[in-house]
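Heads up: the structure comes next, in structure tokens.
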Amino acid sequence: MNRQKLLKHLDTAEYWDIIVIGGGATGLGVAVDAASRGYKTLLLEMHDFSKATSSRSTKLVHGGVRYLQQGDVSLVIEALKERGLLIQNAPHLVTNQAFIVPSYDWWNGPFYGVGMKVYDLLAGKLGLGPSKLLSLETTLERIPTIEKEGLRGGVVYYDGQFDDARLAVNLAQTVHDHGGIPLNYMKVTGLLKSPKGYVTGVKATDGESGKEYELSAHVVINATGIFTDDIVAMDEDNPKPMIAFSQGVHLVLDKEFLPGDTAIMVPHTDDGRVLFAVPWHDKVIVGTTDTPVPKAELEPRPLEEEVEFILRHAAKYMSKDPERKDVKSAFAGLRPLVKPPENKNTAQISRSHHLQVSTTGLVTITGGKWTTYRKMAEDTVDQALAVAGLQEKKCVTEHMRIHGWLKNVDRADHLHVYGSDIVGIKNIIAGDASMAEKLHKDLPYIKAEVVWSTRNEMARTVEDVLSRRMRAQLLDARASLEMAAEVARIMADELGKDEQWQKDQIAEYAEVTRHYVLD
């Protein structure tokens, strides 16, 4: 997946079947679906794949226990099916994760026990394991650092966990594997229209060279998440905003706060959300919040009250109370929620996806969540084919292996997230033993990964590598800052960049990452 080679297709292709705008979970899913059906597919992302919302999730592939509480059973059924499929289609990235709901009131255990049995039933044959009530002793054995005062026991249930940005990279590679063209740093600046006003393509600018393109297509799909309204505004005059923005913040702690392999799920917090504490890449992610915010931003920042909210609630359920100094990284993401007709707070807005076609033929898909990205894509491509008048071909993604598919990976080896591409990384090390050296003593990442992601995963900046190819920025922001200079040096060698480029990259990465560090 070489960006310079893929750019050449823009000069030679006269017409695309489908152009997808947006390289997050939704856009990548749509492009995988379209390319794998055999359509000539182009995906354009203005920054890096999964730069915004799609790399800042709670890292769960789940049916949504909270949606079951809200009575949104159809969404839960769909999500549980998709969870099961994703574990089959990307087993190197998606795994079975045990969760315990701690019980501090006598009625909690039976109440949540019944609820989780319903969750099990809805999952059917794609279930990950039966939920059950746990004694006080077993609960403490599974989570020794849980707050013991008043604890009566718990309920264990099973959901999925994954690495969101790594899945996004694998989806981009899957698009490429099926003959599609995924391009990052390619910003859509306008829509092309026929004399009668129908959308016939896009105008786009290469963020690296500044070169402008006019690209024609049978149908254009707007899959830009939090920036959905920006693309709609290119199509219509004064459109009514579709998106309500909700910010979710997560704090990352050392493993000592949750040393086992079991996660904690608290069904009720002050703002009506659930609270998760989940083991992830040898750290613990705690979150999340649901804070309405006024506008879309590529780099949203955790608000002080959100940080305090998470620390306060985490302290209620952990025997060792986490403090600001314990936070390795604090990151925020914005959810693109489709505005409901009535007034609801953002925690109550449905996470179902919304698909619409404008009078000019622009197809817009928004809302939804990572877990259901594949079904969203199938629905969107089906609709786009009708708009474009293209010959219909059946969706083939339900049981299609995603790039990197590898069934039995060693999860103790941090390279397991590359799946079948591990061989490529080991070949780099075989050619140069120094490539096996770690980039930082506190994190597992090695030099060969920088080379691999620059050559094969279209990483173009230090941030692309440290935030989304590796997950260093999210796991330990300070350590990632110390890695930046060496990453820039290796990338400069690969990309043919000079010393000034390295200095600029280090400065840009420092500017972004300082907001992940709590003072």
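The values are calculated or read from the model by the stated rules, or taken from the named source; none is laboratory data. If you're wondering where the values come from, they're calculated on a predicted model, not measured in any experiment. Every residue, glycine among them, receives a Cβ derived from its backbone with ideal geometry; neighbour counts consider all protein chains shown.
Numerical summary
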item	result
Yes/no for GLU398 being assigned to a loop (DSSP other than H, G, I, E, B), under 23 Å from the mean Cα position of the chain (by Cα) and at pLDDT 95 or above	yes
Residue match in segment 68-86 (condition: over 18 Å from VAL118 (Cα atoms) and crowded, with 19+ Cβ neighbours inside 10 Å)	yes
Lone qualifier among SER480, SER453, SER434 - being among the hydroxyl-bearing types (Ser, Thr, Tyr) and farther than 27 Å from LEU253 by Cα	SER434
When residues of segment 319-365 are limited to those that are among the hydroxyl-bearing types (Ser, Thr, Tyr), at pLDDT below 95 and within 30 Å of GLY84 (Cα to Cα), the one surrounded by the most Cβ atoms within 10 Å (Cβ to Cβ)	THR346
Per-region count, segment 25-56, residues part of a helix (DSSP H, G or I) and within 11 Å of ASP164 (Cα to Cα)	4
Among the residues listed as ALA233, ALA172, the single one being surrounded by fewer than 15 Cβ atoms within 10 Å (Cβ to Cβ) and among the small types (Gly, Ala, Ser)	ALA233
Filter result (among the charged types (D, E, K, R) and at pLDDT below 90) within segment 92-137	ASP105, LYS117, ASP120, LYS125
Candidates ASP382, ASP442, ASP421 - the one that is assigned by TED's automatic domain parsing to the domain that holds ASP17 and of a type outside the set (A, V, I, L, M, F, W, C)	ASP382
Test result for GLU208, modelled with pLDDT of 95 or more, under 25 Å from VAL450 (Cα atoms) and not assigned by TED's automatic domain parsing to the domain that holds GLY419	yes
Hey, GLY124 among the small types (Gly, Ala, Ser), without any contact (Cβ under 8 Å) to a residue 60 or more places away in the chain and out of contact with any strand residue (DSSP E or B) (no Cβ under 8 Å at 6 or more places or on another chain) or not	yes
Selection from segment 430-473 of residues that are more than 24 Å from the chain's Cα centre (by Cα) and either at positive phi or of a type in the set (S, T, N, Q) (or both)	SER434
Test: ILE428 is over 30 Å from ARG301 (Cα atoms) and either modelled with pLDDT of 95 or more or surrounded by fewer than 19 Cβ atoms within 10 Å (Cβ to Cβ) (or both)	yes
Filter result for MET435 (of a type in the set (A, V, I, L, M, F, W, C) and farther than 27 Å from TYR373 by Cβ)	yes
One residue from ILE264, ILE285 being crowded, with 22+ Cβ neighbours inside 10 Å, in contact (Cβ under 8 Å) with a residue 40 or more places away in the chain and touching a Ser or Thr at 6+ places or on another chain (Cβ under 9 Å)	ILE285
Number of positions in segment 401-422 that are in a helix (DSSP H, G or I), small (Gly, Ala, Ser) and without any contact (Cβ under 8 Å) to a residue 24 or more places away in the chain	0
Any hit, segment 239-249, residues being crowded, with 19+ Cβ neighbours inside 10 Å, within 21 Å of GLU323 (Cα to Cα) and not basic (Lys, Arg)	yes
